[in-house]
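The values are calculated or read from the model by the stated rules, or taken from the named source; none is laboratory data. Here the structure is a predicted model, which is why all the values come from computation and not from measurement. Cβ placement follows ideal geometry from the backbone for every residue including glycine, while neighbour counts extend to all protein chains displayed. Keep in mind that these areas ignore ligands, DNA and RNA; they rest on the heavy atoms of the full protein, side chains included. Shrake-Rupley method; radii C 1.70, N 1.55, O 1.52, S 1.80 Å.
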Amino acid sequence: MYNYDYLIVGCGLYGSIFAYEAKKRGKKCLVIDKRNHIGGNIYTKEVENINVHEYGAHIFHTNNKEVWDYVNQFAEFNRYTNSPVAIYKDEIYNLPFNMNTFNKLWGVKTPKEAKRKIEEQLKERKIDYPKNLEEQAISLIGKDVYEKLVKGYTEKQWGTRATELPAFIIKRLPVRFTYDNNYFNDKYQGIPIGGYTKIIEKILEGIEVRLNSDFFKNRVEFENLADKIVFTGMIDEFYDYKFGALEYRSLSFEHEILNEENHQGNAVVNYTEYEVPYTRIIEHKHFEYGTQPKTVITKEYPAKWHKGYEPYYPINNEKNNLLYKKYKELADKEEKVIFGGRLGLYRYFDMHNVIEEVLKCVEKNLCTEEV
Ligand code: FAD
């Protein structure tokens with residue numbers, strides 16, 4: 001009856017892995033994407049022989065060995081360890097907050113001294129019931145770290161003053177009393193040698209892909225092509241926003257080629273002052289220890305999201321979660337459509353979470369058929 005077993009809307013990590021697993025089980029798949037490239041947000045583009053992370057810095061990290069082994073079948077990963085630095089008014093601090101940060105801030109040398117200093121700071125402004133994000137952060141880490149490294153960055157990210165943001169946004173702030181600048185605590189971490197696009201190319205080998213194809217522009221035609229649909233676009237758009245639009249934070253990226261070999265000496269530099277309009281500058285070559293004569297940097301600006309802008313971070317507050325619940329009720333009744341990925345499930349996922357989610361979905365939808 002149908003030309004394909006599965007139409008997969010969205011050629012990001014979720015859609016691509018679903019297609020790979022379906023093909024492995026003998027299913028005929030068509031993957032479409034409205035963008036002009038594969039990979040969704042993990043897409044990397046070669047510029048000046050450097051793999052540029054077009055949609056922001058992407059560092060693969062996981063504690064899940066199964067996920068790590070899974071992704072390693074498609075690429076070799078290098079030993080990159082994410083150790084960003086923060087710039088606040090020309091002062092440089094190491095992240096995450098660790099002994100290097102505390103030494104720079106207060107001149108303390110031992111964990112005992114650092115803990116004592118934090119305790120002093122907490123006593124200085126004792127807050128038992130934090131009413132907003134500012135009070136919450138100060139109650140967790142004290143005034144110095146908050147004012148220099150948390151306040152401006154968070155306000156830029158959310159586009160709102162910290163005193164107007166709810167306390168629950170920051171549940172905890174990672175603090176480490178060792179001289180260890182590794183941002184993540186995960187067992188496995190790295191960057192795929194040759195960039196993320198290579199991974200997706202390998203995953204999609206032998207699978208039909210149509211780019212520049214928006215599902216909504218030819219909805220009926222696409223729906224009639226396949227027995228089932230895996231939809232990784234926006235769930236509210238799928239239902240024509242009938243209950244209203246889910247909200248996101250957006251970002252804009254400004255890429256620049258510089259005629260110098262090494263611009264900032266690190267892949268990720270955060271700008272924590274409110275007055276600097278971008279939150280980070282990424283220098284892509286450092287993800288892969290590049291020695292190219294030129295360099296490419298990207299400034300990342302947080303932006304308000306409007307319909308039609310790229311939706312990057314779901315705003316999972318009570319209002320949006322309730323709205324999503326209504327859409328999910330409709331989605332659960334669908335017999336032909338499976339929703340997946342960060343937009344279909346309205347949840348922020350790191351890449352390792354996406355792999356876990358899609359493998360669960362494969363298990364549920366493709367493995368039961370085999371029995
Ligand atoms: P996407 O990659 O967004 O793929 C969905 C695809 O669907 C898109 O290509 C889109 O064009 C397409 N689509 C949507 N609607 C339609 C339509 N109507 N018709 C056709 N196609 C459509 N994760 C990490 O693990 N480490 C990191 O360091 C990290 N850094 C990040 C930094 C930033 C700035 C952001 C925003 C995310 C970061 N992530 C990181 C998360 C990572 O990007 C996601 O986990 C991953 O990209 C999600 O994959 P996906 O397939 O769900 O979604």
All but one of (1) open to solvent by less than 20 Å² (accessible area, probe 1.4 Å); (2) of a type outside the set (Ser, Thr, Tyr); (3) away from the ligand (no atom under 12 Å from the Cβ); (4) under 20 Å from Ala245 (Cα atoms) hold for Ile297; which doesn't? (4)
Scan the range 24-33 and give yes if some residue there is open to solvent by 10 Å² or more (accessible area, probe 1.4 Å), within 8 Å of the ligand (Cβ to nearest atom) and of a type outside the set (A, V, I, L, M), otherwise no. yes
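For the condition more than 7 Å from the ligand (Cβ to nearest atom) and open to solvent by 10 Å² or more (accessible area, probe 1.4 Å), what is the one hit in Ile42, Ile38? Working first, answer last.
Details: Ile42 fails: more than 7 Å from the ligand (Cβ to nearest atom).
After applying the criteria, what remains is Ile38.
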Those residues that are open to solvent by 20 Å² or more (accessible area, probe 1.4 Å), farther than 19 Å from Lys148 by Cβ, in contact (Cβ under 8 Å) with a residue 60 or more places away in the chain and not polar (S, T, N, Q), I need them from the range 76-114; list them, please. Glu76, Phe77, Arg79, Pro111
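Mind checking which residues of the range 164-186 are over 14 Å from Asn82 (Cβ atoms) and modelled with pLDDT of 95 or more?
So in the range 164-186, the residues over 14 Å from Asn82 (Cβ atoms) come out as 164-173, 175, 177-179.
Correct list: Phe177, Thr178, Tyr179.
Within the range 112-149, can you find the residues that are under 18 Å from Glu91 (Cβ atoms) and not charged (D, E, K, R)?
Pass one, the range 112-149, residues under 18 Å from Glu91 (Cβ atoms): 114, 117, 121, 141-149.
Ala114, Gln121, Ile141, Gly142, Val145, Tyr146, Leu149, listed by residue number.
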Could you list all residues from the range 227-240 that are within 13 Å of the ligand (Cβ to nearest atom) and either outside any loop (DSSP other than H, G, I, E, B) or open to solvent by 50 Å² or more (accessible area, probe 1.4 Å) (or both)? Ile229, Val230, Phe231, Ile235, Asp236, Glu237, Phe238, Asp240
Would you say Leu366 is at pLDDT below 95, more than 19 Å from the chain's Cα centre (by Cα) and either polar (S, T, N, Q) or part of a helix (DSSP H, G or I) (or both)? yes
